[in-house]
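Peer 1: First the structure, which I've put down as structure tokens, then a few questions once you've had a look.
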Amino acid sequence: MSALQPISGKDHAAGGETYDVVVVGAGFAGMYMLHKLRGLGLTVRVYEQGDGVGGTWYWNRYPGARCDVESMQYSYSFSDKLQQEWDWSERYAPQPEILKYANHVADRFKLRPDIALNIRIDQAIFDETANTWRVTTSDGNTVTAKYVVLATGCLSNARMPDIKGLAGFKGKVYHTGHWPHEPVEFTGLRVAVIGTGSSGIQSVPVIAEQASHLTVFQRTANFSIPAHNAPLSQEEREAFRAKYPEVRRFAREETRNGIYTDQQSPDRDEADLRRYRLFCHLQSSERDTGRYQVESDRGDIAERGAHRCQGLRGRRIGAGDRF
Ligand SMILES: Cc1cc2nc3c(=O)[nH]c(=O)nc-3n(C[C@H](O)[C@H](O)[C@H](O)COP(=O)(O)OP(=O)(O)OC[C@H]3O[C@@H](n4cnc5c(N)ncnc54)[C@H](O)[C@@H]3O)c2cc1C
């Protein structure tokens, strides 16, 4: 199985058009770009190789697929009306619901007329004389645009691992990132799952319920914790909605991962101090002289830590590095 294949062309764009912006990909990023740029008065054409919007949530249909950031946060923030009105059913919504949400957004903000489905962008060449991009589509057309935005995601190309003998394997092979649109039946079958990243962790318990025997191959153990997923009550949704302005602000301005939490995180000074100690430990000259210091000022710690880490450049700090 190769990565994403050209899809049967349905909505072919006529060639030769000129746009202000060509956006590649109609996942969450591409759809928002279209909405935003249109609002700025620009002409935009989005090209998507799949036959639907949603990107990640269009392709990843494997059993158990769901988000692992709470849905109340893993959703668009650009429209307060949208976030006040959309009802997520569970704390971590399953893939079909997220895909439904993506389609709802496409309809609600009238995005579809500017999205060409089933068309892959094969080439984009910048014409320095004309100062424009010449963009070639999989149906053989060329359009021009002042800007090209690659909203192609970081996980949208399923990569089949190069496993010896795979081509001759007589059973069926599936990739979580390119799952069939029809349900896959594992009842009574012997199944192997390769990999224990998020997709493996999510799909294993669901496949195990059907398969007669399941073997999981794990090269590298991941750190995972129970999701504590559960249905969301109307009260929980409303309580969350009431604090949306603060949630979104906090996530943007005060976090590194963009995730709001009302749990008390471990003391930041303590976390910085531990990191600083690790840096010191790894930097042998510091370690040898035993000059571990305890500072209370976070900025000071970060500054000294950064300064003393000059010698660590290029060295990766891994889970095995203890301090
Ligand atoms: C199972 C799973 C769970 C996840 N859960 C979370 C989560 O809980 N929280 C979180 O923050 N993130 C999560 N992610 C990451 C997720 O990918 C991003 O949150 C987000 O959906 C990425 O959106 P995107 O629009 O940037 O890219 P994508 O959704 O990947 O969309 C890119 C689109 O570009 C299209 N495309 C690519 N190349 C071309 C081309 N040449 N021509 C035309 N079209 C092209 C693809 O077909 C695809 O539809 C998860 C990912 C997976 C796989």
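The values are calculated or read from the model by the stated rules, or taken from the named source; none is laboratory data. Note that the coordinates shown come from a computational prediction; the quantities given were computed from them, not determined experimentally. Here the Cβ positions follow ideal geometry from the backbone for every residue, glycine too, while neighbour counts run over all protein chains shown.
Peer 1: Have a look at 206, 216 and point out the one that is among the aliphatic types (A, V, I, L, M), closer than 30 Å to residue 72 by Cβ and not in a loop (DSSP other than H, G, I, E, B).
Peer 2: 206
Peer 1: Still on this model: Report, by residue number, each residue of region 114-167 that is in a loop (DSSP other than H, G, I, E, B), over 30 Å from residue 195 (Cβ atoms) and more than 10 Å from the ligand (Cβ to nearest atom).
Peer 2: 128, 129, 130, 131, 139, 140, 141
Peer 1: Would you call residue 106 touching a residue at least 40 places away in the same chain (Cβ under 8 Å) and either hydroxyl-bearing (Ser, Thr, Tyr) or more than 30 Å from residue 225 (Cβ to Cβ) (or both)?
Peer 2: For residue 106, the condition - touching a residue at least 40 places away in the same chain (Cβ under 8 Å) and either hydroxyl-bearing (Ser, Thr, Tyr) or more than 30 Å from residue 225 (Cβ to Cβ) (or both) - is met.
Peer 1: What about residue 46, is it assigned to a loop (DSSP other than H, G, I, E, B), aliphatic (A, V, I, L, M) and near the ligand (Cβ under 9 Å from one of its atoms)?
Peer 2: Criteria not met by residue 46.
Peer 1: Further, regarding this structure: Show the residue pairs that are 6+ apart or on different chains and have beta-carbon atoms under 9 Å apart, the first residue being within region 25-40 and assigned by TED's automatic domain parsing to the domain that holds residue 137 and at pLDDT 95 or above, the second being of a type in the set (Lys, Arg) and outside any loop (DSSP other than H, G, I, E, B).
Peer 2: Pairs found: 34/45.
Peer 1: Follow-up question, since we're still on this one. Restricted to region 50-70, and to residues that are farther than 27 Å from residue 248 by Cα and surrounded by fewer than 23 Cβ atoms within 10 Å (Cβ to Cβ), which residue is nearest to the ligand (Cβ to nearest atom)?
Peer 2: Among those that are farther than 27 Å from residue 248 by Cα and surrounded by fewer than 23 Cβ atoms within 10 Å (Cβ to Cβ), it is 50.
Peer 1: Give me a count of the residues in region 153-201 that are surrounded by fewer than 10 Cβ atoms within 10 Å (Cβ to Cβ) and of a type in the set (A, V, I, L, M, F, W, C).
Peer 2: Here the count works out to 3.
Peer 1: Moving to a separate point now. Answer with yes or no whether residue 193 is more than 10 Å from the ligand (Cβ to nearest atom) and touching a Gly at 6+ places or on another chain (Cβ under 6 Å).
Peer 2: yes
Peer 1: Which condition breaks for residue 78 when tested against (1) away from the ligand (no atom under 13 Å from the Cβ); (2) touching an Asp or Glu at 6+ places or on another chain (Cβ under 8 Å)?
Peer 2: (2)
Peer 1: Still on this structure: Filter region 91-105 down to the residues that are more than 10 Å from residue 237 (Cα to Cα) and out of contact with any Cys (no Cβ under 7 Å at 6 or more places or on another chain) and list them by number.
Peer 2: 94, 95, 96, 97, 99, 100, 101, 102, 103, 104, 105
Peer 1: Select from region 81-110 the residues that are within 13 Å of the ligand (Cβ to nearest atom), farther than 20 Å from residue 259 by Cβ and not in a helix (DSSP H, G or I) and list them in ascending order.
Peer 2: The answer is none; no residue qualifies.
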